[in-house]
Amino acid sequence: MTDRFGQGVRVPDPPRAIPRWFFLRRMRAMFFCGVVFTGLGLGLGGVLTVALVLLSGGVWPGTDLALDRHHEVSTATLLAKEVVWHVHVNSKHPWKLRFRFTSGSGREVEAVGFTYDSSFANKEPGETLDVEFDPAEPGVARPVGGSVTVVHLWVYVLILGLLGPELLIGVTLLIVVWRRARAEGVLLAYGSGAEAEVTRVERLSHIRFSRQNPYDVYYQFTDHHGRRVAGCDRTYHYAWAEELKAGDRVGVVYNPHVSAANVLWLHGGASEGQPDAEQEHANRMPT
């Protein structure tokens with residue numbers, strides 16, 4: 001190898017110690033896109049879901065579905081009502097109703113439910129209304145035609161529809177990174193080492209990370225069978241790659257059974273198991 005790129009420093013014999021975060025040298029953007037998309041899907045989706053559940057008094061949206069399947073009907077007395085001004089659907093605000101009724105077991109129960117029925121604007125406390133309740137838990141009740149929760153299930157489905165794809169994309173990217181990193185880690189630890197000649201270095205302007213672009217390094221090497229093999233690997237070690245030019249020599253590791261499976265040997269701080277200055281930028285968003 002040349003002086004600038006480690007002349008006299010050979011690829012260590014296997015098994016080799018591979019730093020835990022070595023894959024950031026070539027899969028950095030994919031990894032952090034996966035983290036960002038997964039975080040948005042889980043974090044934002046979770047926050048919105050919890051906020052909506054709290055808005056509904058801690059009642060989960062599936063409660064109304066369960067009540068649809070199994071309920072009893074009773075006549076209740078209206079105790080109080082109020083308009084929920086911070087919620088509206090089709091320019092209509094729901095009514096929050098507090099009512100009292102007698103369950104099938106003869107127990108007197110107070111409960112709260114919601115309805116968009118505009119006729120309740122004319123009802124006063126003391127008047128009656130028909131309610132549906134869960135016979136196993138009578139406190140779970142609603143006006144007939146109304147709901148136990150102020151936020152309908154379709155709102156949660158909408159959130160899932162908007163954020164679900166981001167979560168799916170994020171998890172998929174992380175799985176791809178994990179699979180590739182596992183395979184490359186095994187190759188780096190146990191593959192055959194060789195010296196390769198750089199044929200060209202290409203800056204990838206369509207990928208930006210930490211306001212810089214990664215590089216694809218193209219090279220050729222001779223395997224243990226004497227065959228000439230061409231290879232290419234990506235790197236986010238910007239300063240290292242910027243100085244490379246055709247004719248420079250670098251270390252590579254390849255599968256002795258399938259020489260076409262090859263990667264650059266670790267370089268920069270990654271070769272020492274320590275994060276270099278460029279890896280410290282890894283927490284910045286890719287664009």
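The values are calculated or read from the model by the stated rules, or taken from the named source; none is laboratory data. These numbers come from a predicted model, not from an experiment. When we count neighbours, we look across all protein chains shown, and the Cβ atoms used for this are built from the backbone with ideal geometry, even at glycine. Areas reflect the complete protein model, heavy atoms only, side chains present, ligands, DNA and RNA absent. Shrake-Rupley method; radii C 1.70, N 1.55, O 1.52, S 1.80 Å.
For residues that are open to solvent by 30 Å² or more (accessible area, probe 1.4 Å), part of a strand (DSSP E or B) and farther than 10 Å from Ala76 by Cα, tally how many sit in the stretch 109-139.
Looking only at that region, the number is 4.
Just the residues that are touching an Asp or Glu at 6+ places or on another chain (Cβ under 7 Å) and either touching a residue at least 40 places away in the same chain (Cβ under 8 Å) or surrounded by fewer than 16 Cβ atoms within 10 Å (Cβ to Cβ) (or both), please, taken from the stretch 193-215.
Ala194, Val198, Glu202, Leu204
Output the residues belonging to the stretch 230-255 that are of a type outside the set (D, E, K, R), within 38 Å of the chain's Cα centre (by Cα) and farther than 19 Å from Gly185 by Cα.
Ala230, Tyr238, Ala239, Trp240, Ala241, Leu244, listed by residue number.
Testing His152 on (1) at pLDDT 90 or above; (2) of a type outside the set (S, T, N, Q); (3) open to solvent by 50 Å² or more (accessible area, probe 1.4 Å), one condition comes back false. Which one is that?
Against the list (1) at pLDDT 90 or above; (2) of a type outside the set (S, T, N, Q); (3) open to solvent by 50 Å² or more (accessible area, probe 1.4 Å), His152 comes up short only on (1).
Could you list, ordered by first residue, the pairs with Cβ atoms under 8 Å in which the first is in the stretch 91-103 and farther than 18 Å from Ser118 by Cβ and open to solvent by 40 Å² or more (accessible area, probe 1.4 Å) and the second is in a strand (DSSP E or B) and basic (Lys, Arg), at least 6 apart or interchain?
Arg98/Lys81
What's the total number of residues in the stretch 16-60 that are open to solvent by 40 Å² or more (accessible area, probe 1.4 Å), free of Cβ contacts under 8 Å to residues at least 60 places away in the same chain and not basic (Lys, Arg)?
Selection size over the stretch 16-60: 5.
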